[in-house]
Amino acid sequence: MTFRLAAVLAAVTCLTGPALHAQTDADITADRADLLTIARLKYQGGGDWYNGPTEIPNLLAYIRAHTPIRTATKEARVEILDDAFFSYPITYLTGHGNIRFSDAEVRRLRRYLENGGFLIANDDYGLDAAFRREMDRVFPGKQLVELPPSFDLYRKPFPFDALPKIHEHDGKRPQAFGIFHEGRLVVIYFYESDIGDGWDDPEVHGDPPEKREAALKFGTNTVLWALTH
Amino acid sequence: MNTSPPTDPPTDTAETRQQLIRLLERVRSRHTLMATLGGGANWLSGLVAVAVVLIGIESVAYLAPAKKTVTLLMLGLLGAVAAFVWLYRPLRRPMSLEAVARLVESAHDGLHQHLTNAVQLWDLRDAPGTSRALVDAAIRQAYETTGSLDFAAAVDTGPAKASGRRFALVCVVGLIALQLYPGHGIDALARLTDPTGRYVRPLETRLAVTPGDTVLIAGDSLHLVAEASGVVPLDALLQTREEGSANWTSIDVPVRENRAEHRLSSVRKSFTYRWRAHDATSPAHVVIARPRPVVLSLTTRYRYPAYTRLPERVDREGGDVAALVGTAVTLQARANRPLSDAWLAFENGTRVPGTVDGDTLTATFNVERPARFTIRLRDTVGVENADPITYRVLTLEDAPPEIVVLRPGGDSELGEQMLVPLMFETTDDFGVSRVEIAYRVNQDGDAQTHPVTLESPGAPEQTQGVIWDLSGANLLPGDQVIYRLRAYDINTLTGPGVGETPEFIVRFPSLQEIHEAATRSQDDTVAQLEEVAEQSRQLQEKLENVAREVTKNEEATWEDRAEIREALAQQEALQEQIDEGVRALDEARQRMEQSGLLTPETVEKIQQVRSLMESLNTPELDRLTQDLQGAAEEIDPEMIQEAIDRLTSEQEAFQENLDRTIALLKRVRDEQMLDALSARLRDLATYQRDIERALKDGKAPETMAERQNVQTRESDHFQKALDEAAQSIDAPDNRLAELTESFEKASIPDRSDQTRRDMRAGRKDRSQTGASDLADDLDKMAGALEDIQDAYRQQQKDELLAQLSGLFRDALDLSRSQERTAERASETDRPADPEQLARKQTRDLNAAARLEQRMTDASRKSFLVPPQAGNGLRNAMEQMQKSMGQLQRGQQNQAGKNAREAMAGLNGAAMAMRDAMAAIRAAGSATGLDEMLQQLAAASDRQGDLNQQTEGMMGQPQPSGRPGSQPGGGLPQLSAEQEAIRQMLNDIREKFGAQEGSALGDLGQVSQDMEEVARRLGRNQLDAPTVERQRRILSRMLDAQRSIRQRGYSNDREARTGADVAYRGPGTLPSDLGESGNPLRALLRDALRQNYPDEYQTLIRRYFDRLIEDAGVAPSQP
């Protein structure tokens, strides 16, 4: 009886809480299901999918602090074939090395993206060839098109004239590519920018604060775009 | 009046008397009348006379009010008396009847007092003693006596008349007097009528002043005139006084013809003036100088044309207007007084009306051309400003933009990709709207333009790079593209202004040209290095000589020090020459690489040579050079000797490396030549195939003739180059010479020329056949040359392997020999002959020296045989040397030990040879870099697998101390795997570390991490830090691969924060958003557009979805 009562009370609190209260520290540390989180995509192939463990938590914190979006404090981790995969509207893929999706993963990822999912991919250096290859499998024939600064994602809520370049890598200009499905951006891929490293704790790469700020702002733009389109 | 008595007396005396009395009374009335009239006339005469006199007096005397009052009062009193005497008294006291009677009796003789009696007796008629009758008789008698007389005549009218005449006379005189002095008299009369008024005596001089009080415009002139009358003096005084001042300022003005005149020019202020002349002073008149309206302040507001994006500018010290054409200029002028109207008057007659608000004018005009204008003001009383300032309108030019090509900044050549990387800088005062490349192909080509998408359209300054793709320009080798960059500014009003760069030429060189140039450059480099090597040797000798001299003389002479300084200068010069060689090599490589003349392997080799060349100038050499320089300044010969020894020792290494570099460079040059030939032949084949296809596609043969001509030319050049290569390159089985012969036999240039002629003649079939045959032959020969390339590489590899194999065997033989020496030297039962052993050691030592030389030779053939591989051998030689000496001294035990040490060194050398052989066998390119990367990749893969296994075991219970109890072997097994990977990594570091330096040096920490992970796993310690450490290991390994590969092409790269880079991509998304690339989707869209029923559409969609899905899961390309 006591357990039932507690469950009911918890459910009521969960349902009404967000409407009645501003987000509190207690709320955000709870990492409840009603809080937005970003799922880190675990992939096979040998690449370090787990690279930059502080990236997503920092980005979530920034979004929480600068937008009305209620975010969790932790990242989720998910594989494409996990049951929970479709529970996450936004997934994040990063690393330095190889990526390899199985056929089943290719099909499921495509279904995920075609049905409202959004993938943020960050080339942490060395990911490019593998990512392009796998995306070509996921969306054969679709091209990764460069997103120009005129694209609205660059504008709101933080305006940008260009994708921030966080790490030098090969010294090329940073590029944001996108894959569109029926007019909707479903994949955004950051190349030669390493925006993800800009989300890391400052001591990880020693990036200057303005670089980190720019990276977090652009990340916020990206997440907001994913949530609103 | 009837004053005569009736003729018949009344019967009654009384009556008679009464009649007489009446007659007398009538006379008396007449008399009274006459007296009154006369008195009145006299009084009036007196009055007039007095008045005239008084007026006269007043005219002259200007009596004071008191005097006037008294005089008038006295005269009034006198007049009153006179009036009493002359007017009142006759009336008040008329004559008695008796007097009247006597008057009548006096007028008429003969009356004898009858009338008097009659008057007097009547009163006595009743008096006693008076006879009544007598009285009556007297009365009658009187009546009768006077019966016919005219009593009226008794009244003398003469005085009255005389009075009247006098009065008339006086009046006349008075009138005359008045007539004589009309003003004066009237004035005097007027003054007299105002007895209390004070009047001043008129002056002698009278002044009539013009204009009197007046108003004028400040700045106008004023003509003042005073006309004098009366006494006219010779000059007059004009006195002026400014407003607010109490003092008069005087000006003498001569009086001419009764006029004094003075002209005041440009009256600015109001003032009061008066004239003085003789005794006259004119009244003060006020001249009001009304100021003209003037501009007190002027504010100019510039609203620049919108395209300039300049903010409004306000010039509060406005005046001349200087602005761009199209600028709206608003002038706001504040005047000194309220205005009724104002406008701007331009010199061309244009009038720009302004709006007036109080004293402020606001007028706006657009700047169109240079002009002049004035500001015209009219105040509320209609006064306009005079002589307004003329302001200028100056038009500023919107300067045309400037554009400068930063890169290439001169004429350049097209690379294989047909891309021209351009970097340009535009500057404009307001912004550049667009940039285009204006070009033509060859001098006679049509002018064309290629738009450049600006990253920041409208920016005033920008530097931008653009890749100009000329692949669609159908250029032929030898073609020139003459281009310039043209920038347009954002001036939409009078522009756009255009700026241009000078013309540049980008040339599409033939591969032959590039190859020849690069070869020349490399030949030069080799020659330069050889010269450096020679000079280096000489330098070394020189230093050694100096050292000997210093030792011999036990002091460093001035000449010695000078020699040292000279030698050091030469050393620096050598180092600079090497740097130049590095640059030349880089340039040659880049040029050939851009043109696709080099295979990646050759590029890699050139890169290695470059690294070697760079490494020639070691910091150690620099330091020692400086040390020697410092020592040369010292007196101490020992220091100099020591410094020279150290430097020459380092120079030996320098020399050795230099020789190796030259040898490798020569080998690379051959490979490079083969690469270039292969690329050129492949190009020839490809171009020929293109021509063939174009003809097949229906292109007119005539249009392809020029391209075929290029083919002819290129094939001719190629044939010569191939011939030269065949002579210099020792290709396996003389295959290069055979290919040369085949090429000649195939008569490619001749056939190509024939085909060109056919094309020009329009012979389509023959052209097509000729082109097709040529393409086939060229394809075949290109394939053959590629095979030769591979075979040549393989041959080199085999040769090297054979050489290394021999070295390996010989090293092992020597090792065994040392082992035997050691054993024999250590034998105590049958001690060996030390001399014999020493001789053997001498032989072995010589063999080792030869072996070292051969190893050095080998290291000059491959980067995989680093000079360090000979370190073991050198150690062995050192030990052998020691051993030999010990044997000679009879120290056999010690010699045995040293022989064993030598054996170890030889074993190490053998191992190095074996490793080098293994590496060469495994390496595709036999240079080592790919091999290293492959090994690192393999290690990374193993680490990745290990990480997955480790993570999979996280959270599972670990039976401590029971290795192998888990599927896959448990944690100890993972520990062993981690250790194995660590060994693998260390092997890689050991093998390649000397070549790749810091990149692999970074992996040192990784190795430590691996050790730690292996240790933890070995203790069944699996926790989050362990997993994290494993992940970090993998990340570093992956990153290292990238870094190393990158470093192979750029020695500058370091992982660091990126600088912001401006966006340079497409300005917009493609219209299809990248979704139309899939032909299946295009087909799907086409099918859906056919208006099938819904259910069919659903089926169609499913069908295509399935097709797309199947296509998507096709095995990916590795």
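Remark on segment A:58-100: accessible area falls by at least 30 square angstrom from chain-alone to full-complex state for A:H96, probe 1.4 angstrom. In plain terms, the chain from B:R763 to B:S1071 could stretch by 106.4 nm, reckoned as 0.36 nm per residue minus the Cα-Cα distance. With unit charges on the beta carbon (Lys/Arg positive, Asp/Glu negative), name the residue among B:F808, B:G1018, B:T240 whose Cα is farthest towards the positive pole of the charge dipole of chain B. My answer, from the dipole projection, is B:T240. Using a probe of 1.4 angstrom and keeping all protein chains present, the accessible surface of segment B:68-189 works out to 59 square angstrom per residue. By the rule of a C-alpha distance below 20 Å, with chain neighbours fewer than 8 residues away ignored, the lysines paired with A:K172 are A:K211.
Taking label points 7 Å from Cα along the Cα-to-Cβ direction, B:N846 and A:F86 give a separation of 8.6 nm. Near B:V225, once Lys and Arg are set to +1 and Asp and Glu to -1 for all other residues with Cβ below 9 Å from its Cβ, the sum equals -1. Taken residue by residue and averaged, Cβ atoms of other chains lying within 10 Å of the Cβ of A:106-119 number 1.
Per-residue ellipticity at 222 nm from helix content only, as computed over the protein assembly as shown with -39500 (n - 2.57) for each DSSP H run of at least four residues, stands at -18500 deg cm²/dmol. Per the Kirkwood formula applied to alpha carbons, segment B:267-400 shows a radius of gyration over Rh ratio, Rg over Rh, of 1.22.
Loop-located trypsin sites (Lys or Arg not before Pro) across segment A:127-229 with a Cβ neighbour count of 15 or fewer within 10 Å are A:R155, A:K172, with loop assigned by DSSP.
Over chain B, calculate the relative contact order: mean separation of alpha carbon pairs under 8 Å at least 6 apart, over the residue count, as a percent.
Numbers: 1750 pairs, mean separation 57.1, N = 1118.
For chain B, the relative contact order is 5 percent.
Pairing chain A with chain B buries about 3800 Å² of accessible area. This figure sums both sides and uses a 1.4 Å probe.
Just check segment B:497-570 against the gyration tensor rule for me: Cα atoms, a ≥ b ≥ c as the square roots of the eigenvalues, rounded for a/c under 1.5, and otherwise prolate or oblate depending on whether a/b exceeds b/c. It comes out oblate by the Cα gyration axes. Normalising the average separation of contacting C-alpha pairs (under 8 angstrom, six or more residues apart) by the number of residues puts the relative contact order of segment B:50-188 at 28 percent.
Note on B:K897: accessible area is roughly 120 Å² with a 1.4 Å probe, heavy atoms of protein only.
Calculated accessible area for segment A:173-229 comes out at 30 Å² per residue, all protein chains present (probe 1.4 Å; ligands, DNA, RNA ignored). Ordered from largest to smallest accessible area (heavy atoms of protein chains, 1.4 Å probe), the residues B:I176, B:I981 come out as B:I176, B:I981.
The share of accessible area on the protein assembly as shown that comes from carbon and sulfur is 50 percent, using a 1.4 angstrom probe. In this simple spin-label approximation, B:A447 and B:E261 carry label points 7 Å from Cα along the Cα→Cβ vector, and these lie 7.7 nm apart. Applying both filters, DSSP loop and at most 16 other Cβ atoms within 10 Å, to the trypsin sites (Lys or Arg not before Pro) of segment B:150-251 gives B:R198. For B:K552, the lysines whose Cα falls under 21 Å of its own Cα, not counting residues fewer than eight places away in the same chain, are B:K542. Over segment B:235-392, Cα pairs under 8 Å with separation of 6+ residues give a relative contact order of 17 percent. Given their separation in residues at 0.36 nm each and the Cα-Cα distance between them, B:A517 and B:L169 gain 110.2 nm when the chain is fully extended. In segment A:148-178, burial by the other protein chains removes 40 Å² or more of accessible area from A:P148, A:K165, A:E168, A:R173, compared with the chain on its own (1.4 Å probe, ligands and nucleic acids ignored).
Multiply the residue separation of B:A802 and B:E98 by 0.36 nm, subtract the distance between their alpha-carbon atoms, and state the gained length in nm to one decimal.
Numbers: separation 704, 0.36 × 704 = 253.44 nm, distance 20.85 nm.
My answer for the length gained is 232.6 nm.
When the C-alpha to C-alpha distance is required to be over 20 Å, the pairs from B:K840/B:K882; A:K142/A:K165; B:K745/B:K797 that qualify are A:K142/A:K165; B:K745/B:K797. Projecting the Cα atoms of B:V295, B:P311, B:Y273 onto the charge dipole of segment B:272-316, computed from C-beta unit charges around the Cα centre, puts B:P311 farthest toward the positive end. Counting only other chain Cβ atoms within 10 Å of each residue's Cβ, the peptide B:1027-1038 averages 4. Under the convention that each Lys and Arg Cβ holds +1 and each Asp and Glu Cβ holds -1, the size of the dipole of chain B around its Cα centre is about 8760 debye. To make sure I understand the rule: partners must be lysines, Cα under 28 Å from the Cα of B:K699, and not fewer than 8 residues away in the same chain. Which ones qualify? B:K699 reaches B:K764, B:K780.
Over segment B:224-277, what number does the Rg to Rh ratio reach, with both radii from the alpha-carbon atoms and Rh per Kirkwood?
Details: Rg = 11.8 Å, Rh = 11.7 Å.
So for segment B:224-277, dividing Rg by the Kirkwood Rh gives 1.01.
Residue order by solvent-accessible surface for B:I640, B:I217 is B:I217, B:I640, largest first, with ligands and nucleic acids left out and a 1.4 Å probe. Annotation: peptides B:423-431, B:60-68, ranked by per-residue average of other Cβ atoms within 10 Å with the highest first, follow the order B:423-431, B:60-68.
With every protein chain kept in place and ligands, DNA and RNA left out, what is the accessible area per residue of segment B:228-362? Probe 1.4 Å, answer in Å². Walk me through the numbers on the way to the answer.
Details: 7260 Å² over 135 residues.
With all protein chains present, segment B:228-362 gives 54 Å² per residue.
The values are calculated or read from the model by the stated rules, or taken from the named source; none is laboratory data. Nothing here was measured: the structure is a model prediction, and the numbers come from that model. Note that we place each Cβ from the backbone using ideal geometry, even for glycine, and neighbour counts take in every protein chain shown. For the accessible areas, the whole protein counts, side chains as well, though only heavy atoms, and no ligand, DNA or RNA atoms are used. Shrake-Rupley method; radii C 1.70, N 1.55, O 1.52, S 1.80 Å.
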